[in-house]
4 protein chains.
Amino acid sequence: MPFTVMQKVLFKHCDPAGIVFYPRYFEMINDCVEAFFDTSLGHPIEVLLRTGGVPTVRIDTTFTAPSRHGDMLELRLVCERIGRTSLNLNITARCAREIRFQANSTLVYVDKRGAPARWKIT
Amino acid sequence: MPFTVMQKVLFKHCDPAGIVFYPRYFEMINDCVEAFFDTSLGHPIEVLLRTGGVPTVRIDTTFTAPSRHGDMLELRLVCERIGRTSLNLNITARCAREIRFQANSTLVYVDKRGAPARWKIT
Amino acid sequence: MPFTVMQKVLFKHCDPAGIVFYPRYFEMINDCVEAFFDTSLGHPIEVLLRTGGVPTVRIDTTFTAPSRHGDMLELRLVCERIGRTSLNLNITARCAREIRFQANSTLVYVDKRGAPARWKIT
Amino acid sequence: MPFTVMQKVLFKHCDPAGIVFYPRYFEMINDCVEAFFDTSLGHPIEVLLRTGGVPTVRIDTTFTAPSRHGDMLELRLVCERIGRTSLNLNITARCAREIRFQANSTLVYVDKRGAPARWKIT
């Protein structure tokens, strides 16, 4: 079942062209993943960080259409695959029916020393 | 010939795990592209924006190794292909000899209304 | 009557010391002011920007106690004075009963050319 | 003797009004303070953080004139007072002769537990 969050495009997200500055999309993606760990997995990142971490090791993103200040975006996260130490996520952002961006990312669970470790989230 | 910029990893780039928060890498990439347009192409983005824009429409990124506060990164930009309205860039960041991330991006030149237009930069 | 918004301290807000990086507080303040214009005044910033702007001309801030990842902050905004072209705001952030920061800011309403203009918001 | 750094206003700093988004100024101020600790005091923040920290406890800022994309800012830092555990800094940003902002800040040296401690920087 997909996990969704709503995100209004705010002043801080926008650039001189009046559209979202794309590094800000990655902050939105990170916030969405953080909410997913908290709400869907029941493992808040702030707790998980005491014993490990979940760095993003890859992210491929397509920006399909620009987003403007005031747009209401729906970010939809689908967990596509859970590996032994990794997680593949697909995040799609839409405004009304229009896709604004799509991202495929791989996260890896690591222990305190940064070495890949088995998920303890399931 | 590759275009390079040096970027020290600063306090603002780093997260509670003590490594670069990956959305900050996209700001570094954007700064590098901006410097490339200014220095190598002789078309400062602040001038180009008066008549158009260069939105990033795709970026695929692999984060190979973490970067820590104080690391000195070398970002190397290679222009891989100039299309009629697009530009394919490869950006690789290294600290000493170690690769930290690699990104492949596509930028599109657009006019004031946001429609793809022929490059005027060559 | 004070205007309040809740803001969870997220991963993106925090620095290598594990506490909020203070420039991120100013983004929270800006988001709070944006929500106040939208909700309390009925003048969304994205609409107001079509004919003018509301730059911050002064902000004095005291950071009383650090905030950590996962803390739930309440930002309380009080409009202290509405001048002919300016607005004085007080924003206080608390976690439970503890004050984390207090800010006093002055915003000015400007027209398209950047010249101070009479508020049209009342 | 004042400490100065040059900072070009980049695309990432600017908002839909085409001027610097003021939270970005605080990132510039933080970068300037970080460079001051490294260059003038010979105590890089990344080293200092191993045994303590230097949180900003107060900052009062006046934004005198807007800065636009492409402007070259000079940030001038003057250390106004060194207390037992605190530091008072004045930072002024100019473009050519025009003042863009002025900030007065207080930093406190703290140990690993966050308690104020005597400077070891002198």
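The values are calculated or read from the model by the stated rules, or taken from the named source; none is laboratory data. Since this is a predicted model, take the numbers as computed values, not measurements. A quick note on method: Cβ atoms are made from the backbone with ideal geometry, for glycine too, and the neighbour counts reach across all protein chains shown. The accessibility values were calculated without ligands, DNA or RNA, using every heavy atom of the protein model including side chains. Shrake-Rupley method; radii C 1.70, N 1.55, O 1.52, S 1.80 Å.
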Given the range C:1-118, what strands (runs of 3 or more DSSP E) lie entirely inside it while holding 3 or more residues that are touching a residue at least 12 places away in the same chain (Cβ under 8 Å), within 13 Å of another protein chain (Cβ to nearest Cβ) and farther than 18 Å from A:Lys8 by Cβ?
C:56-63, C:98-108
Only unsatisfied item for B:Thr39, checking (1) more than 17 Å from B:Ser105 (Cα to Cα); (2) crowded, with 17+ Cβ neighbours inside 10 Å; (3) among the β-branched types (Val, Ile, Thr), is (2)
I'd like to know if the range B:59-67 contains one or more residues that are touching a Gly at 6+ places or on another chain (Cβ under 9 Å), surrounded by 15 or more Cβ atoms within 10 Å (Cβ to Cβ) and modelled with pLDDT of 95 or more.
yes
Quick one: would you say D:Met72 is over 25 Å from B:Gly18 (Cβ atoms), open to solvent by 10 Å² or more (accessible area, probe 1.4 Å) and modelled with pLDDT of 95 or more?
yes
Flag for B:Thr51 being at pLDDT 95 or above and either surrounded by fewer than 16 Cβ atoms within 10 Å (Cβ to Cβ) or more than 26 Å from B:Lys120 (Cα to Cα) (or both):
no
Pick from the range A:94-122 the residues that are aliphatic (A, V, I, L, M) and surrounded by fewer than 19 Cβ atoms within 10 Å (Cβ to Cβ): which of them is modelled with the lowest pLDDT?
A:Ile121
